[in-house]
Amino acid sequence: MEALRQQISAMRQSFFDEDILDTHIFQLEQVEHISDPSLFEDFVNVYLRDSTKTLAIIEEEMANNPVNYMDLDKYFHQLKSSCNCIGANKVVNEAKKAIELCKEENLEAAKASFEKMKVEHTTLKTKLQAYLEVK
């Protein structure tokens, strides 16, 4: 049991050390024991489901010709907001860059930022799923 606690603690710390998540998301774990035993897991799963869908919508929007920058801006803001709620720092930072690039109508740079965003999101998703499996 102690080994499992240490593994969970190390995994949690790696989110902070790698600046993948900030600390406030794990406060839900403290609350879940009191109010709802699956609150943290439910919150993470809703985030992962919704953010994955938003990424797919953004990818579709970027493939349109001509690109509707107002729609892209709206979806990048939506993604940034949901990532802020969970504390997904690296994804938020890329979303901010993409929003600015869309304002400039710089599609190629926005696409490059979006690719980085997808990598950061995949890393986050993989680590969160692994964390939920051992938690």
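The values are calculated or read from the model by the stated rules, or taken from the named source; none is laboratory data. All values derive from a computational prediction rather than experimental measurement. Cβ coordinates were reconstructed from backbone atoms using ideal geometry, including for glycine residues, and neighbour counts include every protein chain displayed. The accessibility values were calculated without ligands, DNA or RNA, using every heavy atom of the protein model including side chains. Shrake-Rupley method; radii C 1.70, N 1.55, O 1.52, S 1.80 Å.
Here are the numbers:
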item	result
Low-density loop cleavage sites - GluC sites (Glu not before Pro) in the range 64-123, where at most 15 other Cβ are within 10 Å (DSSP)	104, 105
For the range 90-135 and the range 1-59, distance of Cα centres in Å	17
Protein accessible area in the range 1-131, 1.4 Å probe - carbon and sulfur %	52
Neighbourhood net charge (12 Å Cβ-Cβ; Lys/Arg +1, Asp/Glu -1) for residue 60	-2
Rg/Rh (Cα only; Kirkwood hydrodynamic radius) as it applies to the chain	1.04
Probe 1.4 Å, accessible area per residue of the chain, Å²	57
Local electrostatic count, residue 13, Cβ distance below 15 Å [Lys/Arg +1, Asp/Glu -1]	-1
Helix-only CD estimate at 222 nm, as mean residue ellipticity for the chain, using -39500 (n - 2.57) per DSSP H run (n ≥ 4)	-28000 deg cm²/dmol
Residue 85-residue 8 pseudo-label distance in nm [points 7 Å out on the Cα-to-Cβ vector]	2.4
Approximate spin-label separation residue 56-residue 26, in nm, with each point projected 7 Å along Cα-to-Cβ	3.2
Of 96/135; 103/125; 74/127; 96/118; 53/135; 53/96, pairs whose Cα-Cα distance is over 20 Å	96/135; 103/125; 74/127; 53/135
Net +/- balance of residues flanking residue 109 in space, Cβ distance below 12 Å, scoring K and R +1, D and E -1	-2
The range 13-71: proportion of alpha-carbon pairs further apart than 13 angstrom, %	72
